[in-house]
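The values are calculated or read from the model by the stated rules, or taken from the named source; none is laboratory data. What you see is a predicted model; the values in this text were computed from it and never measured. Because the Cβ atoms are built from the backbone with ideal geometry, glycine has one as well, and the counts that use them run over all protein chains shown.
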Amino acid sequence: MEKRRILAFSGILIILTALAASMVYGEEITNIPRQGESKITFQEDSEGIVTADLNSGLTAEDLVNNLLGEGVAVSNVTLTGANVAAGTFTGGEGIIGFENGIILSTGNISFVTGPNEEDSITAVNGLPGDPDLDALIPGFQTFDATVLEFDFVPETGIIQFEYVFTSDEYNEYVNTQFNDVFGFFVNGENIALIPGTTTAVAINNVNNGNPFGTNASNPEYYINNDLSDGGGEINTEMDGLTVVLTATAEVNPDETNSIRMAIADAGDFALDSNVIIRAESFVSPRLTLEPESATNNIGETHALTATLVDENETPIAGENISFNVTAGPNNGTTGTGTTDENGITTWNYTGTEAGSDTIVATGGGETSNKVTKVWEEGGAAEPRLVLEPESATNVLGTEHIVKAVLTNENGTPAPNETITFNVSDGPFAGLSATAITDANGTATWSYGITPGTDTIVATGGGETSNEVTKTWEAAEGASTLLTLEPRSATNSIGSSHIVRARLVDESGAPRAGEMITFVVSDGPHLGTSGTSLTNANGTATWCYYGIFTGNDTISARGGGQASEEVFKTWEAAGNNSAQSKSFMKVDGSDESKEGGIWSLFAGIFERVR
């Protein structure tokens, strides 16, 4: 890449200038033609931003107190960085979207003030970067870091605040190594994220592309102010900025938590970036709104849940909650609800235009956190019932666990829904089972005996999942270790059939105390199953009751082994001349019993079909 800065100093002067903490201006070189206009028009009568840095007598504690809203107590405040790189501001309402707050900069906070008269502006403080920020942008080195950190005790389990990221790296150094970045690390985890993602907000992650208007990344959150690309009417020197974003984190209520607010240049010291945080927006709201972010197609319904608690986190019932879309394509859409005994109420609305909505709720004297909803044009909706793993291979005698995950339309888990699993093809074709989703919207099912490849699908909550496959392979030597008897038999329906399994080790010695699972893997009684422990002779027995005519296939597994298949024919009553049924007891002796009590006993075995 060409030399990116024409700086009015040599390498020695950089060091001297850094030590003096003075401001140095620069101009970027670019040969790329650009076109474009600012996407948003702001008030032209704004008087402009006025800043005050730490050289004015402000302290780090003053900055934090400027941020604080309701429900949070703070301690152990520290700031690392140049005095000119941190401070407060006023006059931002018609420029960045809120009136006052604090600024953390990679250079000098005074450079945020407008109008935009330079395409490149730089203050070099000569300070190191930050390892937490380095980790957010692997492969890049950071410089001139400014870090504000403190401990806080919130009243509830959520904290939030609002912010804007601005930079003079825009637009000519988008998608280059000069990827200036910042982070809000709450208990070590960054919450300065692009809504609905785990991606950090940075130059290369929020922009309108380079060349301008091409290869954009999350442009719905970006506002152009670059003189070279049709911008400049926003009253700030910065060439680009984000819309007002909200950082939200789950925290430990009534306990000490920590936060590090950090920003740094990436790639070199040049061209300033800033994170601007709204005054009194660092709050722990008692009225919370979920989900924090979600994406739907236009015309679909988005469901929001509001929860209201008191200072002791006890739910407040019977309060009227107002929902309001405060910004975005559906701005002005409203709704109401009343909290139930759990302090919860929900509201649904339908998006009519593409874009990103901001939604807030009020009620009970409280204002909720802000959440984001992205509406997209057409396209296939994300599947709401997902089956996994997509494919797997097991040895016979082991269990395969299939997991179904069901979500609501807004992407939140759907608990207490009945999921039906069905093997639609393969050696277990027709086998099915049901399970109830847990709090995470998850239900599981396990099975497996017969060799081959199964195709599995799940249904529930009005949804049908993707198909997944399972391949079963016979273990070496398995056919000689677990045997079933009798190999074949015929009974009349209305009677019971006894199956005996014997398990031995490689030397032929009986294996006692092993759980054997019997299952009808094909036939009119498909899915009927049961379990029994092997005795001292390695033998276990199972009986089941026949109620349909036809041919059953039976197999067993246990002790890490799987049996061969055996067969049972069920005929209509009267076709079988043998009125007594032969079976093997657990002690290995033969007995003969006529129907009666044994038929009744067999009838208690559960039939799964």
- Query: Does any residue of segment 286-300 turn out to be modelled with pLDDT of 85 or more, among the charged types (D, E, K, R) and in a strand (DSSP E or B)?
  - Reply: yes
- Selection within segment 338-378 - touching an Asp or Glu at 6+ places or on another chain (Cβ under 6 Å) and part of a loop (DSSP other than H, G, I, E, B): THR339, ALA354, GLY364
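Which residue out of GLY69, GLY57, GLY87, GLY94 is of a type outside the set (A, V, I, L, M), assigned by TED's automatic domain parsing to the domain that holds THR246 and crowded, with 19+ Cβ neighbours inside 10 Å? Give the derivation first.
Numbers: GLY69 fails: crowded, with 19+ Cβ neighbours inside 10 Å; GLY57 fails: crowded, with 19+ Cβ neighbours inside 10 Å; GLY94 fails: crowded, with 19+ Cβ neighbours inside 10 Å.
That would be GLY87, the only listed residue that is of a type outside the set (A, V, I, L, M), assigned by TED's automatic domain parsing to the domain that holds THR246 and crowded, with 19+ Cβ neighbours inside 10 Å.
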- Query: (1) crowded, with 18+ Cβ neighbours inside 10 Å; (2) touching a Pro at 6+ places or on another chain (Cβ under 9 Å); (3) not small (Gly, Ala, Ser): which one isn't true of ASP239, the others all being true?
  - Reply: (2)
- Task: Evaluate segment 241-249: report whether one residue or more is hydroxyl-bearing (Ser, Thr, Tyr) and touching a Leu at 6+ places or on another chain (Cβ under 9 Å).
- Result: no
- What do you reckon, is ARG557 part of a strand (DSSP E or B) and over 27 Å from VAL423 (Cα atoms)? no
- Restricting attention to segment 56-114, report how many residues are part of a loop (DSSP other than H, G, I, E, B), free of Cβ contacts under 8 Å to residues at least 24 places away in the same chain and among the charged types (D, E, K, R). 0
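Within segment 128-183, take every residue that is among the aromatic types (Phe, Trp, Tyr), assigned to a strand (DSSP E or B) and touching a helix residue (DSSP H, G or I) at 6+ places or on another chain (Cβ under 8 Å) and give me the one that is nearest to ASP229 (Cα to Cα).
Our first condition is that a residue be among the aromatic types (Phe, Trp, Tyr); within segment 128-183, this holds for 140, 143, 150, 152, 161, 163, 165, 170, 173, 178, 182.
After this cut, where a residue has to be assigned to a strand (DSSP E or B) as well, the list is 143, 150, 152, 161, 163, 165, 182.
From what's left, touching a helix residue (DSSP H, G or I) at 6+ places or on another chain (Cβ under 8 Å): 150, 161, 182.
Numbers: PHE150: 39, PHE161: 31, PHE182: 25 Å.
The qualifying residue nearest to ASP229 (Cα to Cα) is PHE182.
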- Scan of segment 373-394 for residues that are at pLDDT below 80 and either among the basic types (Lys, Arg) or buried (at least 17 other Cβ atoms within 10 Å of the Cβ) (or both), ordered by number: ARG384
- Message: Which count do you get for residues in segment 558-590 that are basic (Lys, Arg) and modelled with pLDDT under 85?
- Response: 2
